[in-house]
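Read through the structure below, which is laid out as structure tokens, and then see the notes.
Nothing in this text is a laboratory measurement; each read-out follows from the coordinates by a stated rule. None of these values were measured; they are calculated from a predicted model. Positions of Cβ are backbone-derived with ideal geometry, glycine not excepted, and every protein chain shown enters the neighbour counts.
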Ligand code: UDX
């Protein structure tokens with residue numbers, strides 16, 4: 001099938017590459033010249049394991065192309081995927097500018113029947129909005145259909161999530177239209193659900209909001225565990241064995257960040273408000289998440305006496321491991337508070353340091369975790385990169401000036417850390433503080 005993907009962000013680039021890998025002719029279009037020039041040179045605008053190789057393979061086989069000519073991309077395709085960003089506005093409402101722009105570009109180049117598939121995360125009703133824009137702006141009386149096909153990929157495992165999704169949701173105006181998209185996904189042999197367009201749009205937000213709820217829920221339980229002298233890791237295991245609950249997304253820590261959960265929760269609250277429903281549970285989820293890292297920092301400040309004049313090593317800057325994405329990363333708010341309070345920050349992250357340097361040029365960037373810990377009064381684990389789990393902790397401690405270890409992601413064994421002589425603080429495992 002001939003496919004055009006509009007937008008070369010995480011979703012667009014991964015979707016385009018995977019469809020090309022499955023044997024389709026794909027053109028990924030973007031209005032940003034520099035991005036397309038980079039992709040044509042074989043350079044990836046984002047870090048995503050396995051993506052560069054997959055792009056190179058399909059470009060070499062001439063199934064995957066990159067272009068700034070949206071019109072040409074639309075004209076040559078049977079199916080057009082809209083994968084543009086919907087960044088949050090001040091109010092939490094998603095900014096629909098890029099969606100509207102994409103719909104207008106499709107309209108003016110519509111030369112024969114096409115299926116327009118919305119993969120961007122958009123509020124319920126966007127399918128109708130896109131259809132109306134195309135109807136209003138098309139220059140020829142050509143038929144088309146609009147489908148919602150939400151994306152559930154996670155950064156860091158985007159390729160494998162796209163190849164092995166838990167489910168594929170296709171929200172279509174009719175069974176016949178749904179079958180066209182279903183055909184594209186058939187080689188993946190994964191469960192598929194066909195719905196109406198509005199339900200598919202809500203499935204995406206409801207899923208992300210539910211996962212965010214699990215995280216804020218376990219973080220609240222962790223705070224209770226801290227006060228009660230219990231261990232949230234044990235509590236989480238005990239809950240997770242119940243198949244109705246499941247252990248996934250029950251890791252207590254500093255709260256969720258990234259490009260999706262914070263933005264999508266606010267967007268769903270906003271949509272609910274607009275529809276006349278006060279989504280109280282989700283509002284609480286967002287509040288708990290905002291407080292979580294600050295609560296941890298309060299504990300850091302108490303343990304250190306003051307941040308002023310202290311040297312703090314921050315290990316992990318990306319919002320989660322295996323990505324260089326800093327959007328809503330907990331590291332940023334933590335560094336900002338440390339600097340404002342007069343601390344010195346020495347940071348290390350395997351891949352997100354260049355991006356962080358653009359935001360905080362005034363902190364020190366180290367070549368590894370041990371260098372970051374050099375002379376530090378305290379070390380804080382902010383992102384649970386695998387390499388931090390296997391550090392030589394004796395060497396880390398020797399490099400430090402103090403002995404305080406803040407583990408914001410619960411990656412170490414408290415008993416072992418104390419045996420090694422650390423003053424060890426983690427999230428929701430205060431029972432072992434007394435061991
Ligand atoms: C998420 C959804 O998982 C994905 O389906 C959707 O398409 C986009 O949003 P992503 O933001 O890439 O994906 O990362 P994810 O792995 O879901 O983690 C999100 C945040 O939650 C991270 O900050 C992570 O640290 C945090 N998290 C996750 C926890 O704090 N605890 C957990 O148990 C799981």
**OP:** Could you work out how far helix 330-340 tilts from the main Cα principal axis of the chain, as a 0 to 90 degree angle to the nearest 10?
**Re:** 50
Subject >> Relative frequency of Cα-Cα separations exceeding 12 Å in region 131-171, percent >> reply: 68
Subject >> Nearest-0.05 FRET efficiency for residue 278 and residue 113, computed from C-beta distance (R0 45 Å) >> reply: 0.60
Original post:
When DSSP beta bridges are limited to those with both residues in the chain, what percentage is antiparallel, rounded to the nearest 5?
Top reply: 5
Original post:
What whole number of Å gives the distance from the Cα centroid of region 287-360 to the Cα centroid of region 1-72?
Top reply: 34
**OP:** Evaluate the Kirkwood expression for the hydrodynamic radius of region 42-119, namely the inverse of the mean inverse distance over all pairs of different C-alpha atoms, and round to one decimal in Å.
**Re:** 14.7
**OP:** Mind jotting down the three principal axis lengths of region 230-434 based on Cα atoms? Whole angstrom, largest first.
**Re:** 57, 40, 31
Original post:
Computed over the Cα atoms, what is the radius of gyration of region 130-262 divided by 2.2 N^0.38 Å, N being its residue count?
Top reply: 1.40
Subject >> Inter-label distance for residue 139 and residue 207, nm, one decimal - labels placed 7 Å from Cα along Cα-to-Cβ >> reply: 3.8
Original post:
Using the alpha-carbon atoms, what tilt in degrees (0 to 90, nearest 10) does helix 175-185 show relative to the longest principal axis of the chain?
Top reply: 50
Subject >> Ratio of the Cα radius of gyration of the chain to 2.2 N^0.38 Å, where N counts its residues >> reply: 1.07
Original post:
Which parts of region 264-279 would a label at residue 290 reach, counting a residue when its backbone N lies under 20 Å from a point 7 Å out along Cα-to-Cβ?
Top reply: 264-274, 277-279
Subject >> Cβ crowding within 10 Å averaged over residues, with 147-160, 409-422, 234-247, 182-195 ranked highest first >> reply: 147-160, 409-422, 182-195, 234-247
Original post:
In the Gaussian network model of the chain, springs joining C-alpha atoms below 10 Å, which of 264, 328, 61 carries the largest mean-square fluctuation?
Top reply: 61
Subject >> Distance histogram for region 205-342 (every C-alpha pair counted, 10 angstrom bins, percent rounded to whole numbers) >> reply: 11, 35, 35, 16, 3, 0
Original post:
Which angle between 0 and 90 degrees, to the nearest 10, do you get for helix 280-304 versus the longest principal axis of the chain when only C-alpha atoms count?
Top reply: 30
Subject >> the chain - mean residue ellipticity at 222 nm from DSSP helices (-39,500 (n - 2.57) per run, n ≥ 4, rounded to 500) >> reply: -14000 deg cm²/dmol
Original post:
Working from the pairwise distances between different alpha carbons, so that the mean of 1/r is found and then inverted, what is region 2-195's Kirkwood radius in Å?
Top reply: 16.7
